[in-house]
Amino acid sequence: MNGFRASCAAIGVVAAVIIVALATPVSAEDWPTRPLTMVVPFPAGGGTDVLGRVVGKRLSEILGQPVVIENLAGAGGMVGTAHVAKAAPDGYEFDLGSRADAINQTLYKHPLYDLKEDFEPVVLIAEQPTVLVARKTLPVEGLADFIAYTKAHQSMMRFGSAGIGSPVFVDCALFDKAIGVEVQHIPYRGGGPAMQDLMAGQLDYTCTLSATAQPQLQGSEIKGVAAFSRKRLPSLPNLPTAFEQGTDFEGSTWFAFFLPKGTPGAIVKKLHDATVAAMDTPSVQEQLIATGTFVVAPERRSTEYLKTMLGPEIERNGAPLKAAGMSID
């Protein structure tokens, strides 16, 4: 009987060891040992998605594991980012976050996450300027014409965006306020769907990321009005800036990788270093520049830099939202 009990006890110990071994995650030094998921919190086809796929392909090669893109759109990017905030902190799911996340902290009265507390910042990647584009048949040429026409016809016009809370929605809303018009807003789940309706003539204009608008502008399927950047974009050399056209307005969106809070520092560093290597790949830079996307300078790529910029970014984006009285329950 005692021998039987001893055998049971031994079996129990072995089983416990096996259970612990199975439950224990692979060490950070061995990461990654299986495919990773990059959550893009906007639909396929938009500027955020384009950036994620270009960088993700090179990341797969560097890390030796597939990087699967998962588009989880909604609430100006909050749905996808909130999903990553709740993911296991094991490095296998990360978020392609953006300025939208800083905006959401102020725009929404009850944001689904705390950008400064719920994530492990990894690395700032790139920036995309905002561009103002119109349906092909809108009878305007240039920004001065656009402003005059919109002021005269604002009650009948509609503008679309990648969704309430998206940076391009905020840029468009602030621009409308700056020129003194009130135009009906039609929110979409991303810049791609809004662009489709603009081409179909169901919208009069939209503010969108340069990467989203580039194919349609080059194909003359829509009309370019202005780039909200200081200098003309290499990808859209024929699109004048707002500054060139006498309007002091600027808008762009930054992008960065974030991991769930509690992800081991060694994994954060590995993803950081692999991303920087991807950013330094000439073919990646060429592809991004071709879409109007600019890789950030080396001095802005450290994890610490991204950490320290989040607070100021929330404040910087929140100030005009509060001044304009923009908020969402």
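Of the residues Ala324, Ala256, Ala319, which single one is modelled with pLDDT of 95 or more and not hydroxyl-bearing (Ser, Thr, Tyr)? Let's see the steps before the verdict.
Working: Ala324 fails: modelled with pLDDT of 95 or more; Ala319 fails: modelled with pLDDT of 95 or more.
Answer to the check: Ala256.
Residues of the range 146-159 being more than 20 Å from Ser327 (Cβ to Cβ) and either within 25 Å of the chain's Cα centre (by Cα) or surrounded by 15 or more Cβ atoms within 10 Å (Cβ to Cβ) (or both), which ones? Give the steps one after another, and end with the answer.
Looking only at the range 146-159, we keep the residues that are more than 20 Å from Ser327 (Cβ to Cβ), and these are 146-158.
Listed by number, the residues that qualify are Phe146, Ile147, Tyr149, Thr150, Gln154, Met157, Arg158.
Being out of contact with any Phe, Trp or Tyr (no Cβ under 6 Å at 6 or more places or on another chain) and either farther than 16 Å from Leu124 by Cα or not assigned by TED's automatic domain parsing to the domain that holds Leu112 (or both), is that true of even one residue in the range 291-298? Give the steps one after another, and end with the answer.
Going through the range 291-298, the residues out of contact with any Phe, Trp or Tyr (no Cβ under 6 Å at 6 or more places or on another chain) turn out to be 291-298.
Those left that are additionally either farther than 16 Å from Leu124 by Cα or not assigned by TED's automatic domain parsing to the domain that holds Leu112 (or both): 291-292.
Within the range 291-298, one or more residues are out of contact with any Phe, Trp or Tyr (no Cβ under 6 Å at 6 or more places or on another chain) and either farther than 16 Å from Leu124 by Cα or not assigned by TED's automatic domain parsing to the domain that holds Leu112 (or both).
List every residue pair whose Cβ atoms lie under 8 Å apart, where the two residues are 6 or more positions apart in sequence or sit on different chains, the first residue falls within the range 231-242 and is surrounded by 16 or more Cβ atoms within 10 Å (Cβ to Cβ), and the second residue, located anywhere, is of a type in the set (Phe, Trp, Tyr) and not in a strand (DSSP E or B).
From the range 231-242, the pairs are Thr241/Phe228; Ala242/Phe228; Ala242/Phe249.
What pairs come out if I take residues in the range 72-91 that are part of a helix (DSSP H, G or I) and pair them with residues that are acidic (Asp, Glu) whose C-beta lies under 7 Å away, six or more apart or interchain?
Within 7 Å, the pairs are Gly77/Asp101; Gly80/Asp95; Thr81/Asp95; Thr81/Asp101; Val84/Glu93; Val84/Asp95; Ala85/Asp118.
So, in the range 293-324, of the ones that are β-branched (Val, Ile, Thr) and buried (at least 16 other Cβ atoms within 10 Å of the Cβ), which residue ends up nearest to Asp171 (Cα to Cα)?
Of all residues in the range 293-324, those β-branched (Val, Ile, Thr) come to 293, 295-296, 303, 308, 314.
When the remaining residues are screened for being buried (at least 16 other Cβ atoms within 10 Å of the Cβ), the result is 293, 295-296, 303, 314.
Working: Thr293: 17, Val295: 21, Val296: 21, Thr303: 27, Ile314: 15 Å.
By that ranking, first place goes to Ile314.
Residue check: is Val276 at pLDDT 95 or above, closer than 30 Å to Pro32 by Cβ and buried (at least 16 other Cβ atoms within 10 Å of the Cβ)?
On the way: at pLDDT 95 or above: yes; closer than 30 Å to Pro32 by Cβ: yes; buried (at least 16 other Cβ atoms within 10 Å of the Cβ): yes.
For Val276, the condition - at pLDDT 95 or above, closer than 30 Å to Pro32 by Cβ and buried (at least 16 other Cβ atoms within 10 Å of the Cβ) - is met.
Hey, Glu221 hits all of (1) surrounded by 19 or more Cβ atoms within 10 Å (Cβ to Cβ); (2) of a type in the set (D, E, K, R); (3) within 23 Å of Gly45 (Cβ to Cβ) but one; which does it fall short on?
So Glu221 meets the others, but not (1).
Just wondering, is there one or more residues in the range 260-267 that are farther than 17 Å from Cys207 by Cβ, hydrophobic (A, V, I, L, M, F, W, C) and in contact (Cβ under 8 Å) with a residue 24 or more places away in the chain?
Initially, the range 260-267 is screened for residues farther than 17 Å from Cys207 by Cβ, giving 260-267.
Narrowing the set further to residues that are hydrophobic (A, V, I, L, M, F, W, C) leaves 266-267.
If we keep only those that are in contact (Cβ under 8 Å) with a residue 24 or more places away in the chain too, we end up with 266-267.
For the range 260-267, residues farther than 17 Å from Cys207 by Cβ, hydrophobic (A, V, I, L, M, F, W, C) and in contact (Cβ under 8 Å) with a residue 24 or more places away in the chain: present.
Filtering the range 289-316 down to residues that are more than 26 Å from Lys261 (Cβ to Cβ) and touching a strand residue (DSSP E or B) at 6+ places or on another chain (Cβ under 6 Å), which residue is modelled with the lowest pLDDT?
Residue satisfying both the conditions and the ranking: Gly292.
Can you tell me which residues in the range 160-195 are farther than 22 Å from Lys322 by Cβ, crowded, with 24+ Cβ neighbours inside 10 Å and either touching a His at 6+ places or on another chain (Cβ under 8 Å) or of a type in the set (S, T, N, Q) (or both)?
Gly160
If you check Val268 against the conditions, is it at pLDDT 90 or above, in the same structural domain as Asp118 (by TED's automatic domain parsing) and closer than 28 Å to Phe175 by Cα? Quick ask: steps written out before the conclusion?
Values: at pLDDT 90 or above: yes; in the same structural domain as Asp118 (by TED's automatic domain parsing): yes; closer than 28 Å to Phe175 by Cα: no.
Judged against the criteria, Val268 is not a match.
Pull up the range 22-58, narrow it to residues that are of a type outside the set (Lys, Arg), assigned to a loop (DSSP other than H, G, I, E, B) and over 27 Å from Gly160 (Cβ atoms), then point me to the one that is modelled with the lowest pLDDT.
Start the filter on the range 22-58 by keeping residues that are of a type outside the set (Lys, Arg), which leaves 22-33, 35-52, 54-56.
Remaining after also requiring assigned to a loop (DSSP other than H, G, I, E, B): 24-27, 31-33, 35, 41-46.
Now restrict to residues that are over 27 Å from Gly160 (Cβ atoms): 24-27, 31-33, 35.
Numbers: Thr24: 42, Pro25: 49, Val26: 51, Ser27: 66, Trp31: 97, Pro32: 97, Thr33: 97, Pro35: 98.
Filtering first and then ranking leaves Thr24.
Against the conditions (1) at pLDDT below 90; (2) on the phi > 0 side of the Ramachandran plot; (3) not aliphatic (A, V, I, L, M), where does Arg5 fall short? Just the number, please.
Here Arg5 clears every test but (2).
Identify all residues within the range 50-70 that are crowded, with 19+ Cβ neighbours inside 10 Å and touching a Pro at 6+ places or on another chain (Cβ under 7 Å); write none if there are none.
Scanning the range 50-70 gives a single hit, Leu63.
Among strands (runs of 3 or more DSSP E) lying entirely in the range 109-208, which contain 2 or more residues that are in the same structural domain as Pro89 (by TED's automatic domain parsing) and either at pLDDT below 95 or under 30 Å from Thr308 (Cβ atoms) (or both)?
119-135
The values are calculated or read from the model by the stated rules, or taken from the named source; none is laboratory data. Only a predicted model underlies this, so the values are computations on that prediction, with no experimental measurement involved. Cβ atoms come from the backbone with ideal geometry, glycine included; neighbour counts cover every protein chain shown.
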